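Accompanying notes for the structure given below.
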Amino acid sequence: MFKHPALAAAACGCLGLSPLHAATPSETVVVTAARLPQALSQVPLDLRVIDRETIENAGAAGLAELLQRHAGVEISATGGPGQPSGVFLRGSNASHVVLLVDGVRVNSATTGTNALEHLPLAQIERIEVLLGPASGLYGADAVGGVIQVFTREGQAAHAQAGVGNHRTRVLSAGVGLRSGATRASVQAGWRESRSPSATNADNLFSYNADADPYRNASLGGSVAHEWAEGHRLALRGLLSDSRTHFDAGADTVDVNDQRLATLALESRDRLGEAWTSLLRLARGSDHLRVSGAYPGRFATDQDQFTWQNDLRLPVGAPFEFERFLTAVPRPPAGLSPALTDFLVQMTLPGGADGLQVEVTLATDASVRHDTTLPVILDIDASWERTLVVDERAPARLQEALATLRDLKNRVFFGMLTDQLLDAYR
């Protein structure tokens, strides 16, 4: 048995934020990219979101298949339902992807991979997939990216049943309650399928012609109480118990019994107008028992402690830029042709009304300690420069600047704005 306690503390700060960056009620808010809530349109990284409606309409057999269809990831599978599968992000290995369930790590210390095949879709409300390196926030094993699963917390009752080929039967139900400042929900699911053999006759070593059925039972629940304004205490957990038959020889009955579980107690507190704190105690478990030709037992328990503080400091407020543009009859020499053409359009009479430039500094810092590794300190800092257009600006100028603002290549965008600031400083 492997015991893997881990200690992780993170402090994230965003400086120079203005109301222009706040998410509107209709915008999607995500948390995986920076470990704090932000509007999806303001995330400079490649982040994909799969909501509950997409999950229900996808008709996917499992989580790996859903990610392949809607997050653009590469997967590998070794058979039908319940058989091991892997996800590859940005060309990395399957072991270079961090899987989080409501912020809690769940993976096997034995194989180094994630048992995505045993996370039932009936328990999932939303999925955020961060494509690309995220080791500064999530540790060294997040080289390829992060997959974060958020479980369901409904406020009403629901139930669903379905049948399919190979004697597939699916049942799920849940109920949510709210009383004053307290919320509670319970979700349960069942899936079974009498799948055909996990291998074929071409595999001379392990092929067995018998059926390889799969069964999964899941239970999830949460209780949250807001004991004061801006202070919320929550307890949530998820249990997935699976039995998967597979082939390891012509004359043996081989079975994997695997149990995934998460349990987390967290406190979210607003300690000031610009200061929020998250304190979480959690355990993620992955237990596997193998019977048949090659019996064995493996268990991974990760005890996790997280204390995260988010600070928003008003540094580098926006300043009016109109007087600089209208005072210059032509763009200065040394700019790129694309930027020169852009500035020519902006410096036409009346073309720069309401134009502003906002300079913000974003910093991320994280400290991580594992029992098998020394303390690791990772501090990242980067400048973000954004062109902001006032609602009084002409429609033509708003459209031109919106094109620049939506650019996702931060290096290219940084070069443009560096030239712009240096030219008119």
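Just so it is clear, none of the values below were taken in a lab; they were calculated from the coordinates. Computed from a prediction, not measured in an experiment: that's the story for all the values here. Note that we place each Cβ from the backbone using ideal geometry, even for glycine, and neighbour counts take in every protein chain shown.
Pop the C-beta distance of residue 29 and residue 161 into the FRET formula with R0 = 35 Å and round what comes out to the nearest 0.05.
0.60
Starting from the exponent 0.38 and prefactor 2.2 Å, build the expected Rg for region 37-100 from its residue count and divide its actual Cα Rg by it.
1.24
Could you calculate the FRET efficiency of residue 46 with residue 125 from 1/(1 + (r/R0)^6), where r is the beta carbon distance between them and R0 is 30 Å, rounded to 0.05?
0.85
Relative to the compact globular guide of 2.2 N^0.38 Å, what is the alpha carbon radius of gyration of region 124-276, as a ratio?
Taking the Cα Rg and dividing by 2.2 N^0.38 Å, one obtains 1.42.
Convert each backbone phi in region 187-198 into a coupling constant with the Karplus relation 6.51 cos²θ - 1.76 cosθ + 1.60 (shift: θ = phi - 60°), then list the ³J(HN,Hα) values in order as whole Hz, x for Gly and Pro.
10, 9, x, 9, 9, 9, 8, 8, 6, x, 3, 6
Relative contact order for region 99-166 using alpha-carbon pairs under 8 Å, separation at least 6, rounded to a whole percent?
RCO, region 99-166: 34 percent.
Order these peptides, 153-159, 278-284, 263-269, 94-100, by their mean beta-carbon neighbour count within 10 angstrom, highest first.
94-100, 278-284, 263-269, 153-159
How large is ³J(HN,Hα) for each residue in region 76-86, as worked out from phi by the Karplus curve 6.51 cos²θ - 1.76 cosθ + 1.60 (θ = phi - 60°), to whole Hz, x for Gly and Pro?
Per residue, the Karplus-derived 3J(HN,Hα) values read 10, 9, 10, x, x, x, x, 6, x, 9, x Hz.
Per 10 Å bin, what percent of the C-alpha pairs of region 2-313 does each bin hold, from zero upward?
The distribution over region 2-313 is 6, 24, 35, 24, 8, 3, 1, given as percents.
Once you sort the root eigenvalues of the Cα gyration tensor of region 192-276 as a ≥ b ≥ c, which label holds: rounded (a/c under 1.5), prolate (a/b larger than b/c) or oblate (the other case)?
It comes out prolate by the Cα gyration axes.
Using alpha-carbon pairs under 8 Å, 6+ residues apart, how would you state the relative contact order of region 2-313 in percent?
So the answer I get is 18 percent.
On each of the three principal axes of the Cα atoms of region 43-167, give max minus min coordinate, whole Å, ordered largest first.
Over region 43-167, Cα extents along the principal axes are 41, 34, 25 Å.
Once phi is turned into ³J(HN,Hα) by the Karplus curve 6.51 cos²θ - 1.76 cosθ + 1.60 with θ = phi - 60°, what whole-Hz value does each residue of region 142-156 show in order, with x for glycine and proline?
9, 4, x, x, 9, 10, 10, 9, 10, 7, 6, 9, x, 10, 9
Within a 10 angstrom radius of the beta carbon, how do 73, 49, 146, 29 rank from fewest other beta carbons to most?
29, 49, 73, 146
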